Amino acid sequence: YGAPGVEFMGLHEENNTVMQIHFIPDQCQLVTLLDDNSLHLWSLKQHSGASELREEYRFTLKGPPGSPPSATQITAVLPHSSREVLYLGTESGNIFVVELPSFRVLEDKTITSEAVLQRVPEDYCNRRSCELVEALREHPKNSDQILIGYSRGLIVLWDLQNNKVTHHFLGSQQLENLYWQRDGSKFVSCHYDGSYTQWPVSSDNRQPEPLENLVPYGHAFWRNLKLVSDHREQTGLKNPNLNQTKAHQKNPPKTKPKNLSLEALSCHSSRLCKQSGLVFGCVFSPSLLSSSPGSFAVPPRSLSSSLQVLVMELNDEDAEHVVDHAEADLLQDQEGYRWKGHEKLKTRDGPVRFEAGFQPFVLVQCQPPAVVTSLALHSEWKLVAFGTSHGFGLFDHQQKRLVFVKCTLHPSDQLALEGPLSRVKSLKKSLRQSFRRIRRSRVSSRKRRGGSGNASEVQEANAKFDQETLQEMELAPVQRKIEARSAEDSFTGFVRTLYFADTFLRDSSRHCPSLWAGTNGGTVYAFCLRVPPAERRMDEPVRAEQAKEIQLMHRAPVVSILVLDGRGTPLPEPLEVAHDLSKSPDMQGSHQLLVVSEEQLKVFTLPKVSSKLKLKLTALEGCRVRKVTVANFGSCKTDDYSENDLAVLTNLGDIQIISLPFLKLQIRYPCIRKEDVSGIASCVFTKYGQGFYLISPSEFERFSLSTKWLVEPRCVVD
């Protein structure tokens with residue numbers, strides 16, 4: 001499992017929440033527990049050439065007549081490795097045993113809380129009852145023993161053959177979960193107060209080894225990797241939980257962990273962010289993660305967060321090295337600009353030891369330290385481009401040298417210098433400017449009609465118009481005619497997209513590497529790049545020179561930039577071409593430039609950059625472009641035919657398929673509700689016409705635009 005395209009789906013007849021899922025060991029079966037306390041057994045069965053999940057049995061645990069519902073309310077499920085029985089822990093503290101696949105209750109096998117307490121010290125029993133069963137875990141080396149954890153903190157090792165407790169472990173904190181070390185010599189308990197404890201399982205020593213933490217853990221698992229203590233020594237913390245408090249940072253616990261490798265599933269920060277709890281000595285969430293799309297090999301990755309860009313490379317071994325550091329001054333000491341936001345993060349001095357995986361080797365910090373808004377990586381040229389609300393730059397990560405920076409700020413755009421809080425001011429300013437544009441449009445249309453009136457009539461008309469406009473904004477906020485935006489609009493220098501291309505930029509006879517950037521104010525910048533050949537790559541610098549600057553008439557934000565080759569096909573990913581996964585681009589015919597703004601799609605000729613054709617979306621459809629990607633649509637009948645089209649997601653939630661290079665609307669699909677702003681913002685596409693978007697903070701919806709690649713899973717398990 002886990003390979004691309006391996007997917008199975010089952011649907012309960014009941015409209016209830018799925019609380020737990022457990023695989024039956026070594027069987028194509030799993031058990032689900034719903035919130036109505038029902039158990040369901042699912043099997044993978046072949047049907048019409050594919051495997052599908054089918055519900056085989058359903059079962060509800062019932063107690064003796066007159067017993068309360070809590071007596072049989074299931075709280076923990078353990079499928080035994082024998083594949084013959086399930087152990088069901090309940091709120092009453094009793095553990096019932098049911099036979100598979102019939103779900104017949106084996107009453108003589110029931111483990112009662114009374115039987116467990118017979119081997120527990122009397123003073124502990126008097127202070128605490130067992131309460132509900134929180135966790136059940138089979139011994140990894142002895143299937144005749146199971147670990148039972150009760151919510152009040154009591155943990156016992158139960159002998160299934162002799163029906164008795166062989167070991168007991170007296171915890172004092174509310175239990176959340178348990179997990180074994182692979183050799184069965186130790187286990188870890190996780191507790192509600194955030195602590196987790198290592199317990200040795202031996203006849204002479206059952207004293208706990210407490211490991212402190214701060215945030216409650218619901219689940220944990222044991223990993224045979226590096227030690228948590230290594231992280232603590234290097235970071236001054238790394239307690240592995242990333243949610244530190246100031247008090248904890250100032251006064252770290254004296255108890256250090258033993259040889260324990262533990263990863264808490266409740267810590268949502270990614271491993272890349274941890275590699276970054278090491279470069280800065282603090283932890284933060286990534287705002288943008290970019291890699292070469294569709295890359296099957298492993299080029300370096302670029303991770304940007306708030307004010308810095310980390311370039312990482314894959315290493316299958318742990319390594320210790322110094323992370324090189326460079327600074328990019330996007331304002332270039334221009335007069336009249338003063339940053340009012342936060343300061344840049346401070347980096348660690350000296351070498352840092354990193355886990356195997358993606359390891360940072362160079363850091364680029366932007367000044368001013370604003371949010372990194374766009375990122376592009378070219379693994380063949382060893383270049384990374386980055387953009388902020390102030391401008392963009394190019395960095396050579398092989399020579400670890402800044403190639404150039406370009407400031408895109410408009411002289412009047414002071415909001416971009418005020419940090420994150422300026423967004424509120426920007427919204428107010430944008431509303432005012434929208435009303436002004438609407439009024440200008442109203443006045444200009446009246447002038448064209450030759451109409452005039454006295455002051456009172458004009459005032460009354462304006463008041464009526466403002467009321468109508470507000471109603472229209474509430475009912476249909478996206479429908480408006482394209483009106484030219486002022487260069488003084490907020491955040492016009494905000495860099496929305498960056499794009500590398502090998503194309504004809506200076507003349508039609510020679511192609512060269514190039515970098516393209518699109519801004520929030522409808523400006524497109526193009527730079528010619530000179531990348532030295534491989535044999536002189538470390539000796540000669542990469543050079544860049546601005547070759548073109550395009551200003552869209554209506555100054556709409558640029559969402560995407562693409563170059564089409566001589567066949568009208570988007571340039572493929574260089575890494576895929578190098579490994580024969582994509583056809584080489586046609587460098588004989590003339591290339592074309594496609595600029596996608598929020599309001600229209602426009603094709604220009606290259607290298608002259610003259611307008612060739614365009615498709616207006618906002619003016620004709622009353623919608624704005626939110627996401628766009630090139631998708632390859634293959635035929636469902638033959639493998640010999642496929643075509644590349646644009647998949648465009650609008651703020652109305654529909655997806656439009658537009659042909660290349662002629663920009664003809666092929667079809668429109670309603671996909672996401674237009675009120676679902678977060679769903680539209682989170683939507684991503686695959687290169688073969690599938691997509692995903694969030695329908696809640698923890699659920700995503702999958703869809704397909706292609707008849708060849710259907711959402712329906714078509715997998716087979718022998």
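No lab work stands behind these numbers, since they all come straight from the coordinates. Computed from a predicted model, the values in this text were never measured in an experiment. FYI the Cβ positions are ideal-geometry reconstructions off the backbone, even for glycines, and counts take in every protein chain you see.
Which of Lys45/Lys109; Lys583/Lys687; Lys612/Lys664; Lys45/Lys687 have a Cα-Cα distance over 23 Å? Where the Cα-Cα span goes over 23 Å, the pairs concerned are Lys45/Lys109; Lys45/Lys687.
Of the residues Gly357, Tyr337, Phe386, the one whose Cα sits farthest toward the positive end of the charge dipole of region 318-410, with +1 on the Cβ of Lys and Arg and -1 on the Cβ of Asp and Glu, is Tyr337. Sorting 80-87, 492-499 by average packing, meaning the other beta carbons within 10 Å per residue, from highest down gives 492-499, 80-87. What is region 18-214's relative contact order, in percent, from Cα pairs under 8 angstrom and six or more apart in sequence? The value is 10 percent. Each Lys and Arg contributes +1 and each Asp and Glu -1, all at the Cβ; summed about the Cα centre of region 625-717, the dipole is approximately 120 debye. You can think of it this way: the chain between Cys512 and Ser611 has 33.5 nm of extra reach, that is 0.36 nm per residue less the Cα-Cα gap. To the nearest 0.05, what FRET efficiency results for Ser81 and Gln46 with a Förster distance of 30 Å applied to their C-beta separation? FRET efficiency, Ser81 to Gln46: 0.70. Packing, taken as the mean count of other beta carbons within 10 Å per residue, orders the peptides 614-627, 377-390 from highest to lowest as 377-390, 614-627. Taken over the Cα atoms of region 18-214, the convex hull encloses 144 Å³ per residue.
Given the pairs Lys62/Lys164; Lys344/Lys382; Lys340/Lys674; Lys674/Lys708, which span a C-alpha to C-alpha distance of over 30 angstrom in this model?
Lys340/Lys674
Distance between the 7 Å Cα→Cβ label points at Glu712 and Cys528: 5.5 nm.
Here the label points at Lys141 and Arg537, each 7 Å from Cα along the C-beta direction, are separated by 5.0 nm in the simple model. Computing FRET efficiency as 1/(1 + (r/R0)^6) for Ser659 and Cys28, where r is the C-beta to C-beta distance and R0 is 56 Å, gives about 0.80.
Here region 508-599 is treated as a sphere whose radius is the Kirkwood value from Cα pairs; by Stokes-Einstein at 20 °C and 1.002 mPa s it diffuses with a coefficient of 143 µm²/s. Dipole size of region 18-214 about its Cα centre, with +1 on Lys/Arg Cβ and -1 on Asp/Glu Cβ: approximately 200 debye, rounded to the nearest 20.
By the equivalent-ellipsoid construction on the alpha carbon gyration tensor, region 533-689 comes out with semi-axes of 29, 21, 17 Å, ordered largest to smallest. For region 625-717, the C-alpha radius of gyration divided by 2.2 N^0.38 Å, with N the number of residues, is 1.12. FRET efficiency for the pair Asn15 and Leu581, taken as 1/(1 + (r/R0)^6) with r the Cβ-Cβ distance and R0 = 45 Å, rounds to 0.55.
Take the alpha carbon atoms of region 67-156, find their radius of gyration, then divide it by 2.2 N^0.38 Å using N residues; give the quotient.
Ratio of Rg to 2.2 N^0.38 Å for region 67-156: 1.08.
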